[in-house]
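**Student:** Pasting a structure here, questions to come.
The values are calculated or read from the model by the stated rules, or taken from the named source; none is laboratory data. Because the structure is predicted, anything quoted here is derived from the model rather than measured. Using ideal geometry, Cβ is built from the backbone for each residue, glycine included, and neighbour counts are taken over all protein chains shown. Keep in mind that these areas ignore ligands, DNA and RNA; they rest on the heavy atoms of the full protein, side chains included. Shrake-Rupley method; radii C 1.70, N 1.55, O 1.52, S 1.80 Å.
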Amino acid sequence: MTKSGEFVEQDDLAGELALAFARLPENDRRRCRHVPSGDRTADILVHVEAEDGSQWLEGVVVDAQRDDVGAMCLDEEFVVFSVTAEASGELIRCNASACRVELL
């Protein structure tokens, strides 16, 4: 069975994010509750876009409130690690009330 192009791109993104996250300073990594694994089935990859469409990013959720069963809630504030604007990666705090979130 072969992967579709979409899955290959998500695998590439997940791997790129995990490698870049590992290069962050230790203090920055420790602030995050979820360490990206590089596995798109274990990480929460997202596309986040400002409500007015002026900004967007793709990345992996590294911190968020959790619900009763432990799943990350993306309907409040959450933190995404992204390499969209900065190749070395950056942690970006997102407020779900001011953006649209799509799971990749």
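**Student:** Restricted to the range 38-91, and to residues that are of a type outside the set (Asp, Glu) and touching a Ser or Thr at 6+ places or on another chain (Cβ under 6 Å), which residue is least open to solvent (accessible area, probe 1.4 Å)?
**Tutor:** Out of the qualifying residues, it is Gly59.
**Student:** Taking the range 61-104 as the search range and keeping residues that are among the polar types (S, T, N, Q) and part of a strand (DSSP E or B), which one is modelled with the lowest pLDDT?
**Tutor:** Asn95
**Student:** Quick check on the range 12-30: of everything there that is touching a strand residue (DSSP E or B) at 6+ places or on another chain (Cβ under 7 Å), among the aliphatic types (A, V, I, L, M) and open to solvent by less than 20 Å² (accessible area, probe 1.4 Å), which residue is farthest from Val80 (Cα to Cα)?
**Tutor:** Ala14
**Student:** Here's another thing I want to ask about it. Which of the numbered conditions does Ala14 fail, given that it passes all the others? Conditions: (1) modelled with pLDDT under 90; (2) in contact with a Lys or Arg (Cβ under 8 Å, 6 or more places away or on another chain); (3) of a type in the set (Gly, Ala, Ser).
**Tutor:** Exception for Ala14: condition (1).
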